[in-house]
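Values in this text are rule-based calculations from the coordinates and carry no lab data. Just so it is clear, the structure is predicted and the values come from calculations on it, not from any experiment. Cβ coordinates were reconstructed from backbone atoms using ideal geometry, including for glycine residues, and neighbour counts include every protein chain displayed.
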Amino acid sequence: MKIAYLTSQYPAVSHTFIMREVHALRDLGFNIGTFSVRRASAQDCLDQATQDELDKTKWLLPIRIAAFARACGWATLTRPWLTARTLAWAVLSPGSKHGGRLKWLAYFLEAVQLARWLERDGFDHLHCHFGNAGSSAGMLAASIAGIPFSITCHGSELRDIDKHRLLEKVDAAAFLACVTHFGKVQLMMACPPTQWRKLEIIRCGAPPCDAAQQDSANDTAKAQNILCVGRLSREKGHVILLEALASLHDRGVAFTCTLVGNGPLRSEVEQHIDRLKLTNSVTLTGALAPDEVAKHYAIASVVVLASFSEGAPVVLMEAMAHGRPVVATNVGGVSELVEHGRTGTLVAPGNAAALAQAIKNVFDHPDVARTKTDAAKRHVAETFNVEESAKRMGTLFQQAQAPQPAADALHDTEASPC
């Protein structure tokens, strides 16, 4: 079975969990082709594995005029009515006003190119990671190509269901995978009950960490070394973490902190580090390859996330798999991963004082923290297993080969003007 995977940017260092899923599906015998809305830049390819994925990936933007012209000719000559109906649905239906009609016209143009590739190379199914702009083009491409499509919803798209026309995507999709029960319930509240059967729980997976790796990590962990891995963006709460660190510093707690990741708030984070007089305690590394991140897990005494919004953070799965204590905010689906008091510590979001105290408790009570890490490692191995998640996803792909393709499902919706 030939499956196309579409993301906004593939491969991406911040989305290594997608690469793991792709590799696991290939190991199961699925022929996976990868597509990206935007081409990854050289700075996103921090190791050979990522570069190898980039070499296999087709991207939609920037548009190559000659290829796009051929795709438009193919769509016009071989499926004119279906293409016209998809265009009308994209830009004229009531839902298009939420995201902007011109934006949906752009999604349609991207979709024509993608549909041509899907048809030419004989793909049976299109799967999109994230229910945002990439899946908008993907839904239209599957409609034109006449194949089923599906989405993995991670949580960020749930903050603006109307903008992403997520309910229409659920209506047109063969299934929608949610990485958390929290995300599934959010969609259940928004969708009619007739669509609930399409909502599935498919966990992201962490790479296995064997006993030797964990023992090595325990041997090399440095006392009171804090690690935070995440994109430097608003929802990750880095400013709250820095305020918590400043509180620890004022209380005379000795520590080092490493922030791994890059993003639009880097200069703002650097300014806060200077303002809070933490320049001797906090280090920013920028984005790192997975192998380099693993080295930081090995020397961390605690891994912290101060996020305002999350799905199921893969960084916490990785930390728990490596036997690292975790402290995180109780948002989104985090509590499905971190059970407070048993596999880690949860605090209220936006509360720097509570975050500081939770970190200090890990420092002060290492035996208690170690007990939690043993339970955490078992929980990740049992519940967030990439091989098991790939098997379930593969089963859904096979079940999606139903008589009615995604194109019919899309054009039968009430929102369709056709």
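The ratio of the alpha-carbon radius of gyration of the chain to the globular-protein estimate 2.2 N^0.38 Å is 1.03. Here the Gaussian network model covers the chain, with springs between Cα atoms less than 10 Å apart; of ALA177, ALA69, ALA206, ALA69 fluctuates the most.
The length gained by stretching the chain between ARG70 and VAL368 to full extension, at 0.36 nm per residue less their Cα-Cα distance, is 100.9 nm.
With the cut-off at 1.5 for a/c, could you classify the range 211-383 from its C-alpha gyration tensor as rounded, prolate or oblate? Judged from the Cα gyration tensor, the range 211-383 comes out rounded (a/c under 1.5).
Note on MET1 and LEU105: the model spin-label points, each 7 Å out from Cα along the C-beta direction, lie 3.8 nm apart. In the chain, helices alone account for a calculated mean residue ellipticity at 222 nm of -15000 deg cm²/dmol, with every DSSP H run of four or more residues adding -39,500 (n - 2.57).
Fewest first, what order do TRP81, TRP196, TRP89, TRP74 take by the number of other Cβ atoms within 10 Å?
Details: TRP81 8, TRP196 12, TRP89 25, TRP74 18.
Lowest count first: TRP81, TRP196, TRP74, TRP89.
By the beta-carbon count within 10 Å of each Cβ, the least crowded to most crowded order of ARG251, ARG234, ARG116, fewest first, is ARG251, ARG234, ARG116.
A simple charge model with +1 on the Cβ of Lys and Arg, -1 on the Cβ of Asp and Glu and nothing else charged puts the dipole of the range 211-383 at about 200 debye relative to its Cα centre. Restricting the calculation to alpha carbons of the range 1-93 gives Rg and Dmax of 16.1, 45 angstrom.
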